[in-house]
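S.K.: If you scroll down you'll find the structure; I have some questions about it.
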Amino acid sequence: VSAVWPAAPAENGVTHTMRYQLADAAGNTCEGQASFVLDNVPPVLTVTHPLPNALLNNAWFANTAWVSGPAATDQSNPAPTVTVNWDDGAGAKPTTAVDGGYRFVVSKVDEDFRVHQVNVTATDWAGNTTDVVVPVTVDTVAPRITFLSPDAGARFNASAFASSGDLTVTFDVQDGDADAGVTATHSHGAADAKGGSYTFQTSAADNGRAYQMTVKA
């Protein structure tokens with residue numbers, strides 16, 4: 001004996017009782033019933049920390065290194081289980097339940113402007129799931145500066161400045177952020193930026209005078 005129950009509307013932890021009756025040709029009858037719980041509503045899941053497209057630096061890992069937010073099904077059912085996939089190749093990991101929500105602590109990694117598609121999944125007791133994807137960028141690596149010219153400690157005489165009193169320092173900056181900002185100063189004044197080089201004016205009266213160039217990225 002089988003019976004088909006039409007598709008039910010959205011119900012979250014609602015108990016239903018199915019009753020059935022059998023009768024033979026002589027009029028003898030018997031009746032039975034069975035109860036079941038219907039839950040076809042996925043859990044509510046929100047990621048409040050970190051925010052989408054957040055830039056996570058060393059300070060974030062030192063002070064607030066976790067993924068967290070609220071997660072719930074309904075008042076009559078237990079809280080859903082929540083996992084976090086940090087998009088690091090390690091797969092989904094369980095979280096800790098806190099204050100009606102969840103928390104997943106992230107270990108510090110040395111990454112240079114790498115994007116992670118962080119996937120958070122909540123699963124209720126009936127197997128319904130909700131997924132939230134939060135993209136974040138991790139940058140815990142400082143830019144790398146290489147001076148190209150002149151060499152450290154180089155000396156220049158009057159012939160080097162026959163046409164101009166300018167001295168140009170060239171360098172290369174490597175960083176995962178293509179828009180890394182660069183500033184430069186020298187020990188006797190400011191320097192003008194021109195791409196990967198800085199030019200400053202020397203003094204015609206220089207006699208054994210040392211210039212200290214500082215580049216910050």
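The values are calculated or read from the model by the stated rules, or taken from the named source; none is laboratory data. Note that the structure is predicted; figures quoted are calculated from it, not measured. All Cβ positions, glycine included, derive from the backbone under ideal geometry; neighbour counts span all protein chains shown. The area values use the complete protein model at the heavy-atom level, side chains included, leaving out ligands, DNA and RNA. Shrake-Rupley method; radii C 1.70, N 1.55, O 1.52, S 1.80 Å.
S.K.: Counting other C-beta atoms within 10 Å, and keeping those with at most 14, which DSSP coil chymotrypsin sites (Phe, Trp or Tyr not before Pro) do you find in segment 118-217?
M.R.: 156
S.K.: State the answer as a single residue: which of 201, 183, 158 lies farthest towards the positive end of the charge dipole of segment 126-217, with beta carbon charges of +1 for Lys and Arg and -1 for Asp and Glu, about the Cα centre.
M.R.: Going by the Cα projections, it comes out as 158.
S.K.: Of all accessible surface on the chain at a 1.4 Å probe, what whole percent is carbon and sulfur?
M.R.: Values: 7120 of 13700 Å².
Reported share for carbon and sulfur atoms: 52 percent.
S.K.: Still on this structure, I have one more. Taking Cα centroids, how far is segment 1-79 from segment 104-150 in Å?
M.R.: Centre-to-centre (Cα) distance: 30 Å.
S.K.: How much mean residue ellipticity at 222 nm does the chain get from its helices, if each DSSP H run of length 4 or more adds -39500 (n - 2.57) and you divide by all residues, to the nearest 500 deg cm²/dmol?
M.R.: -500 deg cm²/dmol
S.K.: How big is the chain by Rg and Dmax over its Cα atoms, in Å?
M.R.: Cα-based Rg and Dmax for the chain come out at 33.5, 126 Å.
S.K.: How large is ³J(HN,Hα) for each residue in segment 122-139, as worked out from phi by the Karplus curve 6.51 cos²θ - 1.76 cosθ + 1.60 (θ = phi - 60°), to whole Hz, x for Gly and Pro?
M.R.: Whole-Hz 3J(HN,Hα) from phi for segment 122-139: 10, 10, 8, 5, 8, x, 6, 10, 10, 10, 10, 10, 10, x, 9, 10, 9, 9.
S.K.: Let me ask another. Per residue, how big is the convex hull around the C-alpha atoms of segment 63-158? Give it to me in cubic angstrom, could you?
M.R.: Spread over its residues, the Cα hull of segment 63-158 gives 135 Å³ apiece.
S.K.: Could you work out the relative contact order of segment 40-174, using alpha carbon pairs under 8 angstrom and six or more residues apart, expressed as a whole percent?
M.R.: Answer for segment 40-174 is 27 percent.
S.K.: Moving on. Determine the per residue accessible area of segment 167-209 with all protein chains present and a 1.4 angstrom probe, expressed in square angstrom.
M.R.: Result: 59 Å² of accessible area for each residue.
S.K.: Moving on to the next point. Of all the stretches in the chain, which is the longest one without any exposed loop site, taking trypsin sites (Lys or Arg not before Pro) in a DSSP loop (any state but H, G, I, E, B) with at most 10 other Cβ atoms within 10 Å?
M.R.: The longest such stretch corresponds to 1-154.
S.K.: Let me ask you something else. Looking at the chain only, what percent of DSSP beta bridges run antiparallel? Nearest 5 please.
M.R.: Expressed as a percentage, antiparallel bridges in the chain total about 95.
S.K.: Just going by the charge dipole of the chain, with Lys and Arg at +1 and Asp and Glu at -1 on Cβ, which of 16, 213, 118 is farthest out on the positive end?
M.R.: My answer, from the dipole projection, is 213.
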